[in-house]
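What follows is calculated from the coordinates using simple rules that are stated; it is not laboratory data. As the structure is a prediction and not an experimental result, all values here were calculated from the model. Cβ coordinates were reconstructed from backbone atoms using ideal geometry, including for glycine residues, and neighbour counts include every protein chain displayed.
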Amino acid sequence: MGHGLGIDLGTTFTGAAIVGPTGRGVSAGGPHHAAGGPNRTAGGPSTTTMVPLGRDGVVEPSAVYASVDGTLLTGDAAMDAARVEPHRLVRGFKRRLGDPTPLVVGGAPYSPAALLAAQLKSVVARMTATIGTAPESIVLTCPAVWGPYRREHFDEVPRLAGLSGAIMVTEPEAAATHYAAERRLGVGELVAVYDLGGGTFDTTILRAREDGMEIVGTPEGIERLGGMDFDEALFAHVDAQVGGVLADLDPADPEAAAVLAATRAACVRAKEELSIEPDVTVRVPLRSGLREVVVTRLAFNEMIRPSVELTVEALHRTISSAGLTPRDLAAVLLAGGSSRIPLVDQVVSAAFGRPVRTGLHPKFTVALGAAAIAARRVAPTPTFIPSPVPRPKVNRRKVLVPAAAVVAAVLVGGGITVFASNTNESSSSALPEAIIGASTGTPTVSGTINGVGRRPRGVAVSGSKVYVPSSVSNTVSVIDRASQKVIKAIPVSAPPQYVAVNGNKAFVTLLNPSNAVAVIDIARDEVVTTVPAGKGLFVPDVTADGKRLLIPDQDTAQILELESEGTVATPFAKAPTGSRGLVVDRNRVYVVSVELSQVTILDLESHRLLGSVRVGKSSIGLAVSPDGKTLYTANFDENTVSVVDTDSQKVTDTIDVGERPMAIAVAPDGKHVYVANNGSGTVSVLESGSNRVTATVKVGREPWFLAVSPDGGETYVTNTLSDSVTILKTGV
């Protein structure tokens with residue numbers, strides 16, 4: 001049996017997935033990109049895998065750069081080349097497919113089909129080099145709303161790329177095929193596919209059949225509605241806030257073009273970050289100086305709400321065209337990267353009253369489904385039997401609350417070393433080892449601390465003090481545990497995010513413009529050095545011996561390493577795209593990915609990949625039990641906690657908690673787990689033995705992070721919209 005390749009040539013990003021026989025491996029993806037369960041064809045078992053096309057992630061930009069000699073560069077290579085000559089770059093050309101007017105790029109005319117063909121040819125060439133042979137079957141996807149004219153032009157794309165035999169399926173068909181493989185749709189069940197991508201919106205009703213998916217009714221769509229339009233709305237808002245100076249810039253002027261490009265890129269990042277952050281700062285590098293515009297999630301929602309409501313109206317029409325009502329649907333399936341915007345889930349759920357589902361990640365769903373369809377054409381007589389993803393849900397419990405955070409208590413040697421908020425309270429000559437008390441399943445609020453600065457993020461406990469970075473104030477607040485008062489605000493050079501403590505030092509990750517780690521001397525509570533690091537630093541952890549700090553860098557998909565006395569952060573290992581936090585436990589490093597919904601396991605000394613575990617959707621926080629046998633993840637978009645056995649590397653339970661869990665911590669005695677629910681303003685308490693929720697405690701607005709004291713007596717919760725810290729009495 002050969003390989004089947006599915007390619008989603010999106011308006012803003014291109015993704016590819018491959019299905020091949022087990023054992024003949026697709027090395028490009030590696031284990032941490034496995035995104036689908038095993039499929040079986042007549043040729044035997046196979047795996048469905050996302051192919052990492054981008055330099056720092058799974059998908060690559062849909063972009064083409066026309067060189068002076070006529071060579072066309074695509075993806076990241078195109079974006080890199082355009083930094084010097086931005087007028088030679090073109091994006092969004094899929095929207096122009098069928099337009100008889102050519103696109104002029106770098107002074108030369110190109111049809112949209114030729115540009116799409118360049119991207120397609122590059123993807124297939126890289127895949128052929130990776131697997132050592134040409135894919136036996138290729139499936140391309142297109143919007144369901146395209147009529148015969150647009151599809152005829154799309155048929156030209158593989159021909160121009162020099163490919164024969166490629167078949168076309170609609171994006172909703174591909175998305176539903178992947179969904180059926182994950183969830184096992186029953187024959188005859190109906191799903192509505194809501195596909196909100198970068199450039200277009202599609203909606204289709206599909207009925208599951210034994211041999212695939214059947215379109216029911218008339219698909220609808222909105223040609224120019226997607227993430228690119230949301231980017232433009234945000235750009236217009238930013239421009240208005242800086243007095244309209246961006247609109248007055250001349251794109252033909254290289255300096256002005258650079259300002260526009262940087263601001264647009266910042267708006268794209270802001271849009272993505274607002275899916276999790278309550279507010280973000282967009283930096284505009286004007287000639288007159290740097291301007292900063294704060295955009296809140298609420299303001300962004302109001303910018304895009306009219307467009308989202310248009311998509312709901314389109315889906316209503318599609319349902320009616322099939323002679324159905326929303327009650328006839330098993331679910332509404334969200335696909336396309338823009339469907340990850342929280343407002344979309346909220347509006348669609350309220351409008352139709354049906355379960356709203358996504359696959360592994362909306363960006364990947366279409367490519368994975370296309371690969372599954374391609375696999376059916378590989379063997380002479382394929383028999384496709386979709387299998388659900390191996391993510392067991394044992395004794396699932398329903399609770400009206402959210403969850404998430406990152407803390408772990410880990411047994412090290414003969415004593416207990418406590419990792420709070422992914423930080424390490426290692427035994428040290430400077431700090432006596434804490435005496436661990438029993439934890440309670442019904443904690444109470446013992447105090448609330450204000451005055452910690454605006455938008456507190458991470459939190460870590462060190463002996464008698466607590467450290468809280470505040471991202472808007474550019475300070476790290478120091479709290480005295482005995483008096484429950486802020487005793488100092490340490491200034492830092494850029495917005496601080498997360499903090500890890502090691503004996504006599506605290507390490508604080510800083511965002512742009514510093515992109516660094518601030519090192520604080522705990523005795524003096526002063527910054528002693530700032531070490532340059534990556535652009536997208538998230539939750540770090542310190543090794544048990546206290547000698548090394550490991551930090552996930554989401555932007556570059558790698559883990560950075562900083563020695564405790566070092567002045568340079570160096571690469572430790574590649575990491576999955578979307579890595580938002582890690583925990584070091586003995587000789588293992590556990591890395592959680594919000595984009596891949598999985599935990600990757602690395603060897604601390606050899607840096608070797610030990611395995612990966614698929615967990616709940618948008619896993620954003622993780623913690624490890626003191627004995628190292630159990631790992632917990634907070635699953636932001638699924639409102640659950642996954643329980644993982646670290647020996648077998650399998651999910652053993654899934655527990656419903658509150659809305660949008662963001663952080664999770666284990667009590668030092670290992671008997672209870674605490675989950676910060678960002679969406680519902682609560683902390684869920686789980687009993688580790690039974691995995692049942694024993695209490696739900698109200699805290700502040702949008703709790704962001706939490707840390708358990710080394711003795712287990714208190715848990716500190718940062719509330720990012722209340723600008724406060726809640727203290728829970730978690731000891732008996």
Straight-line reach from K729: which lysines have Cα under 19 Å away, leaving out those fewer than 8 places along the same chain? K465, K485, K671, K698
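In what sequence do H178, H153 fall when counting other Cβ within 10 Å, fewest first? Working shown, then result.
On the way: H178 29, H153 19.
Least crowded to most crowded, the residues run H153, H178.
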What nm value, rounded to one decimal, do you get for the distance between T567 and V294 when each label is placed 7 Å out toward the C-beta? 3.6 nm
Cβ density ranking, 10 Å radius, fewest first, applied to L185, L602, L190 yields L190, L185, L602
Evaluate the Debye formula for the stretch 97-177 with equal point scatterers sitting on the alpha carbons, no solvent, and hand back log10 of I(q)/I(0) at q = 0.15, 0.20, 0.24, 0.27 Å⁻¹, in q order, two decimals. -0.61, -0.98, -1.20, -1.31
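Rounded, prolate or oblate: pick one for the stretch 578-717, where a ≥ b ≥ c are the square roots of the eigenvalues of its C-alpha gyration tensor, a/c under 1.5 means rounded, and failing that, prolate if a/b is larger than b/c, else oblate. Intermediate results must be reported in sequence, preceding the final value.
Working: a/c = 1.68, a/b = 1.38, b/c = 1.22.
Since a/c reaches 1.5 and a/b is larger than b/c, the shape of the stretch 578-717 is classed as prolate.
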Kindly express, to the nearest 10 degrees and within the range 0 to 90, the angle between helix 342-352's C-alpha long axis and the longest C-alpha principal axis of the chain. 60 degrees
Is the C-alpha gyration tensor of the stretch 507-598 telling us rounded, prolate or oblate? Criteria: a/c under 1.5 is rounded; beyond that, a/b larger than b/c is prolate, otherwise oblate. oblate
When DSSP beta bridges are limited to those with both residues in the stretch 117-264, what percentage is antiparallel, rounded to the nearest 5? 80 percent
Mean-position separation - Cα centroids, the stretch 569-589 and the stretch 106-148, in angstrom: 34 Å
Work out how far the C-alpha atoms of the chain reach from end to end along every principal axis, then list the three figures in whole Å, largest first. 73, 60, 48
Give the longest segment of the chain that steers clear of GluC sites (Glu not before Pro) in DSSP loops with at most 11 neighbouring Cβ atoms within 10 Å, not counting the sites themselves. 211-564
Mind putting a number on the dipole of the stretch 570-702 about its Cα centre? Charges go on the C-beta only, +1 for Lys and Arg and -1 for Asp and Glu, and I need it in Debye to the nearest 20. 160 debye
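Just the number: Rg to Rh for the stretch 648-732, Cα atoms, Kirkwood Rh, two decimals.
Here the Rg-to-Rh quotient is 0.97.
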Treating only the Cβ of Lys, Arg, Asp and Glu as charged (+1, +1, -1, -1), what charge dipole size does the stretch 524-640 show about its Cα centre? Round to the nearest 20 debye. 320 debye
Suppose the Debye formula is applied to equal point scatterers at every Cα of the stretch 122-266; what is log10 I(q)/I(0) at q = 0.10, 0.17, 0.18 Å⁻¹? -0.56, -1.04, -1.08
So which lysines can K547 reach, going by Cα to Cα under 17 Å and dropping same-chain residues fewer than 8 places off? K505
Neighbour cut-off at most 16 other Cβ (10 Å), DSSP loop, trypsin sites (Lys or Arg not before Pro), the stretch 636-732: R701
Under 20 Å from the Cα of K363 - lysines, other chains or at least 8 residues apart: K94, K271, K617
Burial ordering of F507, F201, fewest other beta-carbon atoms within 10 Å first: F507, F201
Over every pair of different alpha-carbon atoms in the stretch 76-123, take the mean of 1/r and invert it; report that Kirkwood radius in Å. 11.3 Å
Among the trypsin sites (Lys or Arg not before Pro) in the stretch 275-372, which ones are in a DSSP loop with at most 13 other Cβ atoms within 10 Å of the Cβ? Mind listing them? R287
